Amino acid sequence: MSQPDTTEHSSYHIRTFGCQMNVHDSEHIAGVLESHGYHKATDIDSADVIIFNTCCVRQSAEDRVWGNLGAVRKGGSRVLAVCGCMAQRHGLGIIERSGGVDLVFGMEALGRLGDLIETARSAPVCDLGVVEEAAIDGLPAVRSSRAQAWVPISHGCDNNCSYCVVPRVRGPERSRSEQDVLEEIGRLAADGVLEVILLGQNVNSYGRDLGAAHSFAKLLEKIAQIDGIKRVKFETSHPGDLSDEVLDVMATCPPVCEYLHLPVQSGSDRILSLMNRRYDRDFYMQTAQRARDKVDGLTLTTDIIVGFPTETEEDFLSTLDLVERVGFDAAYMFIYSHRQGTAAASMRGEVSRQVIGGRFARLADLQARLTAASLARVTGERAEVLIEGPSRRGGLVSGRTRGHRVVLMEHPGPSMPLVEVHIDSAGKHSLRGTILREYD
Ligand code: SAH
Ligand code: SF4
């Protein structure tokens, strides 16, 4: 007997993998689909169109997508689509390898998605668009939060870190025009958004392609003046491009939050040079100190890669030493992943899995201690928290401080999302707090 068709026609389900930029791109995918009359399906099994917005920064991210694609039930006129970084990287190869994928599209082709889906119902299609189109920001979006919004200020990356596939899949850096960014944030503010998080692979180089009159510091200052915007955060900063002007704006413009994500990647000069990061450990430590000196109460977070080709015990000890000295408030730690087509992929000196595993555990232990100390430091204080939504722990809501620390609280009821909170206690990764009052 054949299975009953439970597909809700014109419904969609999006699964997002990877970074914040992908999460935001998915808001545009939903916006475009809804403008074509689609509605969000109750679950993946009932969706007429299933879209996987993918990541390929590490092999593990790709493996997760291949595994999840294989598990999708096909049937009827259901369309299974793949977009995002794996689409850019493998193109048609995804349709050939997966067997079940009907459509592969690039973000630059998002404006055509409605037509592409109809075509894919009869035969597989691949349309990656042209990187220079950069039209995505002007397309409709369904925002997941009422009070907070992500706003890309640039796309792509002009750096050439030897391990990284991002410039290959996201293209060269293209800054959005200042007017576009300011107008978008003005509209968001009018719509009730209180916090914007500016996105770019390297926000600090914003405007380099727009001319000498433009810089990230100038943009940040203008954004901070937009009526209704209470908090501005940004990710990600490249240590080589973090100017004093940006730190001054952070220190002097109240809406700009005391939060800096400044990936270090390694504490060894030799590895940093092989990574082509354009700075050494002394420069990084001075930059971190400069940021802390200028910006009171700064939360400083980082990314670290363990097991880059040829990494020795001595190199790794330099990383541990830097992490301890800088005392990061939090860190994202990654095991080096071999990415074909990158400069590091042809480097010899692979570090064994066993050695990497041991190093990763030692680094994670150290960072756990530093994170716990950082959270303990703010316990007993009052903090401004923007409530983001229900937490995974039953009955509580989750929000973030200006320093981007997660706070769990009792539900405040239907009210303003920006609250003053007493920090009661610290867990391993988050804080517990009690709401004292709402801000007007
Ligand atoms: N543009 C940002 C984000 C890049 S991707 C930046 O420069 O910080 C996010 C993080 O993934 C990087 O900071 C790096 O730590 C990690 N990463 C990138 N490529 C990797 C690889 N091949 N193996 C392991 N980690 C990687
Ligand atoms: Fe990748 Fe380096 Fe660009 Fe970040 S700055 S996206 S790590 S190439």
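The values are calculated or read from the model by the stated rules, or taken from the named source; none is laboratory data. Just so we're clear, the structure is a prediction, and the values are computed from it rather than from any experiment. Because the Cβ atoms are built from the backbone with ideal geometry, glycine has one as well, and the counts that use them run over all protein chains shown. Only protein heavy atoms, including side chains, enter the accessible area calculation; ligands, DNA and RNA are left aside. Shrake-Rupley method; radii C 1.70, N 1.55, O 1.52, S 1.80 Å.
Mind checking which residues of segment 207-219 are open to solvent by 10 Å² or more (accessible area, probe 1.4 Å) and within 16 Å of ligand 1 (Cβ to nearest atom)?
Listed by number, the list holds a single entry, Arg208.
Search segment 158-185 for residues being part of a helix (DSSP H, G or I) and open to solvent by less than 30 Å² (accessible area, probe 1.4 Å), and hand back the single one that is nearest to ligand 1 (Cβ to nearest atom).
Selected residue: Val166.
Looking at segment 16-30, is at least one residue open to solvent by 10 Å² or more (accessible area, probe 1.4 Å) and more than 19 Å from the chain's Cα centre (by Cα)?
no
Of all the strands (runs of 3 or more DSSP E) wholly in segment 340-440, which have at least 2 residues that are closer than 25 Å to Glu235 by Cβ and polar (S, T, N, Q)? Break it down into steps so the answer makes sense when it comes.
Values: elements: 382-390, 396-401, 406-410, 418-426, 431-438.
Because the criterion is at least 2 residues that are closer than 25 Å to Glu235 by Cβ and polar (S, T, N, Q), the strands (runs of 3 or more DSSP E) in segment 340-440 that meet it are 396-401.
Is there any pair with a first residue in segment 332-348 that is free of Cβ contacts under 8 Å to residues at least 24 places away in the same chain and a second that is open to solvent by 80 Å² or more (accessible area, probe 1.4 Å) and assigned to a loop (DSSP other than H, G, I, E, B) whose Cβ atoms are under 6 Å apart and which are 6 or more apart or on different chains, and what are they?
What qualifies is Ala345/His338.
I'd like to verify a number: residues in segment 337-364 that are closer than 16 Å to Thr302 by Cβ and open to solvent by 20 Å² or more (accessible area, probe 1.4 Å), how many?
2
For segment 137-157, give me each residue that is crowded, with 16+ Cβ neighbours inside 10 Å and either within 16 Å of ligand 1 (Cβ to nearest atom) or not in a loop (DSSP other than H, G, I, E, B) (or both).
Across segment 137-157, the qualifying residues are Asp137, Gln148, Ala149, Trp150, Val151, Pro152, Ile153, Ser154, His155, Gly156, Cys157.
Restricting attention to segment 422-432, report how many residues are within 26 Å of the chain's Cα centre (by Cα) and open to solvent by less than 30 Å² (accessible area, probe 1.4 Å).
Our first condition is that a residue be within 26 Å of the chain's Cα centre (by Cα); within segment 422-432, this holds for 426-432.
Narrowing further to those that are open to solvent by less than 30 Å² (accessible area, probe 1.4 Å): 430-431.
Final tally of qualifying residues: 2.
If I ask for residues that are under 19 Å from Leu194 (Cβ atoms) and within 16 Å of ligand 1 (Cβ to nearest atom), which ones from segment 235-269 would you list?
Glu235, Tyr259
Would you be able to tell me the number of residues in segment 116-160 that are modelled with pLDDT of 95 or more, closer than 14 Å to Cys83 by Cα and within 16 Å of ligand 2 (Cβ to nearest atom)?
Residues that pass the stated criteria total 0.
Which residues, taken from segment 355-374, are under 19 Å from Arg58 (Cβ atoms) and out of contact with any helix residue (DSSP H, G or I) (no Cβ under 8 Å at 6 or more places or on another chain)?
Narrowing segment 355-374 to residues under 19 Å from Arg58 (Cβ atoms): 355-357, 359-361, 363-364, 367.
Residues satisfying the conditions are Val355, Ile356, Gly357, Phe360, Ala361, Ala364.
For residues in segment 220-249 being of a type in the set (Ser, Thr, Tyr) and surrounded by 18 or more Cβ atoms within 10 Å (Cβ to Cβ), which is farthest from ligand 2 (Cβ to nearest atom)?
Per the stated criteria, the residue is Ser237.
Give me a count of the residues in segment 284-319 that are over 25 Å from the mean Cα position of the chain (by Cα) and more than 27 Å from Pro255 (Cβ to Cβ).
11
Hey, can you tell me all the residues within segment 202-256 that are within 16 Å of Asp180 (Cα to Cα), within 21 Å of the chain's Cα centre (by Cα) and of a type in the set (Gly, Ala, Ser)?
Answer for segment 202-256, where residues must be within 16 Å of Asp180 (Cα to Cα), within 21 Å of the chain's Cα centre (by Cα) and of a type in the set (Gly, Ala, Ser): just Gly207.
Inside segment 54-136, counting only helices (runs of 4 or more DSSP H) that do not spill past its ends, which hold 3 or more residues that are touching a residue at least 12 places away in the same chain (Cβ under 8 Å) and closer than 30 Å to Glu184 by Cα?
Here the list reads 85-90, 113-120.
Anything in segment 275-307 that is open to solvent by 60 Å² or more (accessible area, probe 1.4 Å) and away from ligand 1 (no atom under 13 Å from the Cβ)? List them, or say none.
Looking only at segment 275-307, we keep the residues that are open to solvent by 60 Å² or more (accessible area, probe 1.4 Å), and these are 276, 278, 280, 282-283, 286, 289-290, 292-294, 296-297.
Asp280, Asp282, Phe283, Gln286, Gln289, Arg290, Arg292, Asp293, Lys294, Asp296, Gly297 - these are the residues of segment 275-307 that are open to solvent by 60 Å² or more (accessible area, probe 1.4 Å) and away from ligand 1 (no atom under 13 Å from the Cβ).
Of everything in segment 360-417, what is modelled with pLDDT of 90 or more and of a type in the set (S, T, N, Q)? Give them in sequence order.
Gln367, Thr371, Ser374, Thr379, Ser398, Thr401
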